[in-house]
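A.B. asks: Right, I'll just put the structure down here and ask away after.
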Amino acid sequence: MIESNDASKAQEYDGPENSQTSAFFDAVQRAVEDKGLERVSQDDIIRYSGIPRTTLYRRYGSRESILNAFVLDRTAPDIAECRRIATGAGSFSERFEEILVFAILAAHRHSWLQRQLDRGTPGNVEGILARAFQLSSEQTLIPFLIEAKKQGICHCPAPIEELRHWLMIQIFNLSRRQYASADEARRVVRTYVLPVLALEQPTPPMSEKIDFIYRNIQDCLAR
């Protein structure tokens, strides 16, 4: 678990605006690409970055803090694009679909992330990615879903936190797939993800399907 001082350090260094910070995360990325998130050590980060151990900890915190900040730094442009989509043109359903497709294809834009997903995500790696997803979703998906529920657009009965966790699992799993095009990823999102959110007023048969899916969500979270 990240200590509070480490978490604050991670937030200080989550953007590429500082050239020294950007160069540091470039070095961390090389280490991650070679070793994987689960195996890269603080010694690896020291070796790749050339920063002494005491300086490294003072500036960036522990290994976990560094890796959390690294993931946020590398995905910052993706978060900004999702926020742009969220406030752009189109219906709620169209914008939410576009955000999900963009998020699923993120792994194809980041070689280090694609390699990690191909390797698998052991517990420590899933924790790092989950924390990054939680922070990014608070700026994109969650405000979007809250507003949709307020307006009666999202008819899924699951609470927001359950939906967040379920969406994270779906995005991680679907990101492992290779897609011939964005249209193929969009078809998958329309088939397997959007029906759960019930973004249109459901008919009685559809309500039964939503209840069935919701029970499966709860079973999945329980496992």
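A.B. asks: What whole-number value in Å² describes the accessible area per residue of the range 69-186 for a 1.4 Å probe?
C.D. replies: Numbers: 5120 Å² over 118 residues.
So the range 69-186 comes to 43 Å² accessible per residue, rounded to a whole number.
A.B. asks: For the range 10-144, what is the charge dipole size about the Cα centre, in debye to the nearest 20, if Lys and Arg each add +1 at the Cβ and Asp and Glu each add -1 at the Cβ? Can you show the working numbers first?
C.D. replies: On the way: 16 positive and 19 negative charges, 79 e Å.
Using Cβ point charges on Lys, Arg, Asp and Glu, the range 10-144 gives about 380 debye.
A.B. asks: Heavy atoms only, probe 1.4 angstrom, no DNA, RNA or ligands counted: give me 179, 57 ranked by accessible area, highest first. Don't skip to the answer; put the middle values down first.
C.D. replies: Working: 179 35, 57 100 Å².
Correct descending sequence by accessible area is 57, 179.
A.B. asks: How much net charge surrounds residue 142 when only other residues with a Cβ under 11 Å from its Cβ are counted (Lys, Arg +1; Asp, Glu -1)?
C.D. replies: Values: positive: 149, 164; negative: 138, 147, 161.
Spelling it out: positives minus negatives among the neighbours equals -1.
A.B. asks: Another one. Ignoring any ligand, DNA or RNA, what whole percent of the accessible area of the range 50-170 comes from carbon and sulfur when the probe is 1.4 angstrom?
C.D. replies: On the way: 2810 of 5170 Å².
Here it works out to 54 percent.
The values are calculated or read from the model by the stated rules, or taken from the named source; none is laboratory data. Fair warning: this is a prediction, and the values are worked out from it, not measured in the lab. Methodologically, a virtual Cβ is constructed for each residue, glycine included, from the backbone with ideal geometry; neighbour enumeration extends over all protein chains shown. When the accessible area is computed, the model is the full protein with side chains, heavy atoms only, and any ligands, DNA or RNA have been set aside. Shrake-Rupley method; radii C 1.70, N 1.55, O 1.52, S 1.80 Å.
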